[in-house]
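Reading through the structure tokens given below for one structure.
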Amino acid sequence: MSVTHPVTHAAHPAPAVYDSPGFRALLRQDPQAADILYGEARRQADSLQMIAAENFTSPAVLAALGSPLANKYAEGYPGARHHGGCEIVDAAERLAVERAKALFGAEHVNVQPHSGSSAVLAAYAALLRPGDTVLAMGLPYGGHLTHGSPANFSGRWFDFVAYGVDAETGLVDLHQLRTLARHHRPKAIVCGSISYPRHPDYAAFREVADDVGAYLVADAAHPIGLVAGGAAPSPVPYADIVCATTHKVLRGPRGGMILCGAELADRVDRAVFPFTQGGAQMHTIAAKAVAFGEAATPAFASYAHQTVANARELAEALAGEGFTVLTGGTDTHIVGVDPAGLGVDGRTARGRLAAAGIVLDTCALPYGDGRGIRLGTAAVTTQGMGRGEMTRIAGLFAAAVREDAGVQARVRELAAGFPPYPS
Ligand SMILES: *Cc1c(COP(=O)(O)O)cnc(C)c1O
């Protein structure tokens, strides 16, 4: 079966991940929409996905997402729904909750947040009143929009104070954190970032929070998958509430979740539904259960460790190519680099890398106004790439930034050896 590429209009074979009766019916019924779905799968397979927040979910997770559970309305929680006919989807939500509790050693888990941002909104709703003071990493240092951006509900409804990182080392300045906490007496302290490549010192954050009587919220959207695989320390024993996504390193469906102790369980559940959300997305919750099942396997633990080993290898190889590696390395799947050594800023580098088929983001730099680039190894590690490929990727990076001829073909050749879905 072959379809027309939605952008280039060239004919190409349908990706094997769509070789199902459902997708064949879609192709017959709506070729225009099918072309877009097929074209995106092709794009993902033909280029290198190095956006730190992205990954490839398994065919099993995709099957749950595309299932008739998408039809079910289920406001409320298992055993206490506002709709009839929820007995089966209740089992899906109970399975997701039980698996997540076991995976993370949490007393309570809410798997309903539609996204990481929805999880953070609900965490604030559970703990805070509008106008309360919150201490979080500043956006110029890697804080998320939900950590006080004026363009986000968080910055509008709460009084955010920003802590930063040391300009020299790029590491969280715990002395500054403590000083700001004592001065501003926040109701909550948020630890977590979109680009920080090191583990937060959760014990130190807990101590500062206790010192000023603040709640500690860990926004572990990025590292929670590494935590599941035993490749990163867990915030669960330290934070009052842990917010997370299920689609980053954790490799599940696009969505969020909240972990907390038994004493906050009711407040968190009411903050999710009915305070900030309506009906739960039961197909996504079933897919979360499938992903938690996968994440509990030894295969996932080796994936998580390999993801970090690959990021370390890549950081080292990029330094060898003349890039400045932020914080001098990484403990996670994230690598931040300043490409200034190759004569360009982050925005220019991102454009040249995209033209070569290496897809990634820019990021804040702890010094000056320029941008760096942020990349992650979660997706390429799912594809089966190892340390040898990381060295190759670093060479391709430098070649792409220098705009050498023929880089795109070399990137495609590398990607072609590691198809994200079996064909
Ligand atoms: C990704 C991320 C989020 C938001 O997740 P979405 O699903 O995009 O809403 C929130 N906080 C942090 C730290 C993140 O990295």
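The values are calculated or read from the model by the stated rules, or taken from the named source; none is laboratory data. No experiment lies behind these values; they were computed from the predicted model shown. When we count neighbours, we look across all protein chains shown, and the Cβ atoms used for this are built from the backbone with ideal geometry, even at glycine. In case anyone asks, the SASA skips ligands and DNA or RNA and just uses the protein heavy atoms, side chains included. Shrake-Rupley method; radii C 1.70, N 1.55, O 1.52, S 1.80 Å.
With a bin width of 5 angstrom, please list the P(r) values of segment 119-243 as percents of all Cα-Cα pairs, from the 0 bin to the one holding the largest distance.
2, 12, 24, 26, 22, 11, 3, 0
Can you pull the three principal axis extents for the Cα set of segment 65-295, in Å, largest first?
55, 36, 31
Direction-averaged shadow area of the convex hull around the Cα atoms of the chain, nm²?
Working: hull surface 81.7 nm².
Orientation-averaged projected area of the Cα hull: 20.4 nm².
With springs only between Cα atoms under 10 Å apart, run a GNM on the chain and tell me which of Val272, Val380, Val89 wobbles the most.
Val89
How many angstrom lie between the C-alpha centres of segment 184-227 and segment 100-123?
16 Å
Using a Förster distance of 25 Å, how high is the FRET efficiency between Phe275 and Asp210, based on the Cβ-Cβ distance and rounded to 0.05?
Details: r = 27 Å, r/R0 = 1.09.
With R0 = 25 Å, the Cβ-Cβ based efficiency is 0.40.
Just reorder Lys187, Lys72, Lys248 by solvent-accessible area, largest first, 1.4 Å probe, all chains present. Walk me through the intermediate numbers first.
Values: Lys187 80, Lys72 60, Lys248 25 Å².
Putting Lys187, Lys72, Lys248 in descending order of accessible area: Lys187, Lys72, Lys248.
With a Förster radius of 30 Å, plug the Cβ-Cβ distance of Ala60 and Ser149 into 1/(1 + (r/R0)^6) and report the FRET value to the nearest 0.05.
For Ala60 and Ser149, the calculated efficiency is 0.25.
Would you work out which of Leu360, Phe23, Gly261 lies farthest towards the positive end of the dipole of the chain, given +1 charges on the beta-carbon of Lys and Arg and -1 on that of Asp and Glu, about the Cα centre?
Working it through, the farthest residue towards the positive pole turns out to be Phe23.
Provide the net charge surrounding Val161, with neighbours chosen by a C-beta distance below 14 Å and charges set as Lys +1, Arg +1, Asp -1, Glu -1.
Numbers: positive: Arg178, Arg182, Arg185, Lys187; negative: Asp132, Asp159, Asp173.
Net charge in that neighbourhood comes out at +1.
Using 7 Å Cα-to-Cβ label points, what is the His175/Ala16 separation (nm, one decimal)?
Output for this residue pair reads 5.7 nm.
Testing the spin-label approximation: label points 7 Å from Cα along Cα→Cβ at Arg185 and Arg387. State their distance in nm.
The answer from the label model is 5.3 nm.
Mind ordering 284-291, 367-374 by average Cβ neighbours within 10 Å, highest first? Walk me through the numbers on the way to the answer.
On the way: 284-291: 27.0, 367-374: 18.0.
Taking the mean over residues of other Cβ atoms within 10 Å, the ranking is 284-291, 367-374.
Rounded to a whole number, what % of the accessible area of segment 298-416 do carbon and sulfur atoms account for, probe 1.4 Å? Mind showing how you got there, number by number?
Working: 2110 of 4510 Å².
Exposed carbon and sulfur together represent 47 percent of the surface.
How many lysine pairs are close in the chain, with Cα atoms under 26 Å apart and the two 8 or more places apart or on different chains?
On the way: Lys72/Lys101; Lys72/Lys248; Lys72/Lys288; Lys101/Lys248; Lys101/Lys288; Lys248/Lys288.
Qualifying lysine pairs in the chain: 6.
Would you mind working out the magnitude of the charge dipole of segment 298-416 relative to its Cα centre, with +1 at each Lys and Arg C-beta and -1 at each Asp and Glu C-beta, to the nearest 20 Debye? Spell out each step's value before the answer.
On the way: 11 positive and 12 negative charges, 43 e Å.
Computed about the Cα centre, the dipole is about 200 debye.
Would you tell me the accessible area of Leu264, worked out with a 1.4 angstrom probe on the heavy atoms of the protein chains, in Å² to the nearest 10?
Estimated to the nearest 10 Å², Leu264 gives 10 Å².
Take Asp266 and Arg254, extend 7 Å from each Cα along the Cα→Cβ direction, and tell me the distance between the two endpoints in nm.
Simple spin-label model gives 3.6 nm for this pair.
How would you order 228-234, 31-37 from highest to lowest mean count of nearby Cβ atoms within 10 Å? Kindly include the intermediate steps, with their values, before the conclusion.
On the way: 228-234: 21.3, 31-37: 15.0.
My ranking of the peptides, most packed first, is 228-234, 31-37.
How do the peptides 54-67, 188-201 rank, highest first, by the average count of neighbouring beta carbon atoms within 10 Å per residue? Could the numbers behind the result be given before it?
Working: 54-67: 18.6, 188-201: 23.9.
Output ranking for 54-67, 188-201: 188-201, 54-67.
For segment 301-423, just say rounded, prolate or oblate: build the C-alpha gyration tensor, square-root its eigenvalues into a ≥ b ≥ c, call rounded for a/c under 1.5, and beyond that prolate if a/b exceeds b/c, oblate if not.
In terms of gyration-tensor shape, oblate.
Quick check: at a probe of 1.4 Å, how many percent of the accessible area of segment 98-239 sits on carbon and sulfur atoms?
On the way: 2860 of 5590 Å².
Roughly 51 percent, rounded to a whole number.
Please state the charge dipole magnitude for segment 65-295, taken about the Cα centre, from unit charges on C-beta atoms (+1 on K and R, -1 on D and E), reported in debye and rounded to the nearest 20.
Details: 19 positive and 21 negative charges, 86 e Å.
Dipole magnitude for segment 65-295 comes out near 420 debye.
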